[in-house]
Amino acid sequence: MTPDKIAVTLAGLAAIAFVAWFFWMKTSKGLRAAVVSSGHQEAMILVKGGYTPNVILVEHGRPVRLNFRRDETASCSEMVLLPDFNKSAQLPPGETVAVEFIPDKPGEYEFACQMGMLRGRLIVE
């Protein structure tokens with residue numbers, strides 16, 4: 001192999017490794033849900049090409065209110081599912097929709113769109 005082919009091959013492998021890390025292995029510390037006057041732990045989640053923030057930290061045994069605001073019209077983001085809490089919600093574009101539940105035990109729980117392409121995690125401490 002010539003030096004230019006080796007350089008191009010190494011650059012391609014580095015780009016593949018970066019994409020794999022960025023989309024599948026990068027972890028976020030998450031956002032701690034704020035405790036509001038009603039006693040709920042509350043977080044606002046923007047739905048636009050994904051969930052922002054995509055990791056929410058809450059305490060177990062206290063009510064949680066996740067407010068989803070969908071700022072896009074992609075069909076994948078029409079609904080959010082929280083299967084571990086038996087909750088789901090339709091997300092009309094431009095509206096904020098609250099999903100309320102009480103996490104009983106610590107652990108990590110996933111929320112996602114109905115196609116499973118948009119994903120987030122709820123970390124219950």
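Here's the picture: a label point sits 7 Å out from the Cα of Val36 along the beta-carbon direction, and within the stretch 88-104 the residues with their amide nitrogen under 11 Å of it are 97-100. Please give the FRET efficiency for Lys29 paired with Lys105, using the beta carbon to beta carbon distance and R0 = 22 Å, rounded to the nearest 0.05. Rounded to the nearest 0.05, the efficiency is 0.50.
The angle between the Cα long axis of helix 3-20 and the main principal axis of the chain comes to about 10°, on a 0 to 90 degree scale. Whose amide H sits under 5 Å from the amide H of Glu42, counting only residues 5 or more places off or on another chain, with H placed in the peptide plane? Amide H neighbours of Glu42: Ala34, Val35, Val36, Arg65. Size estimate for the chain follows the Kirkwood approach: the inverse of mean 1/r over distinct Cα pairs works out to 16.1 Å.
Each Lys and Arg contributes +1 and each Asp and Glu -1, all at the Cβ; summed about the Cα centre of the chain, the dipole is approximately 220 debye.
Readers should treat all values here as calculations from the given coordinates under stated rules, not as data from a laboratory. Everything numeric in this text was worked out from a predicted model, so none of it was measured. With ideal geometry, Cβ positions are generated from the backbone for all residues, glycine too; neighbour counts draw on all protein chains shown.
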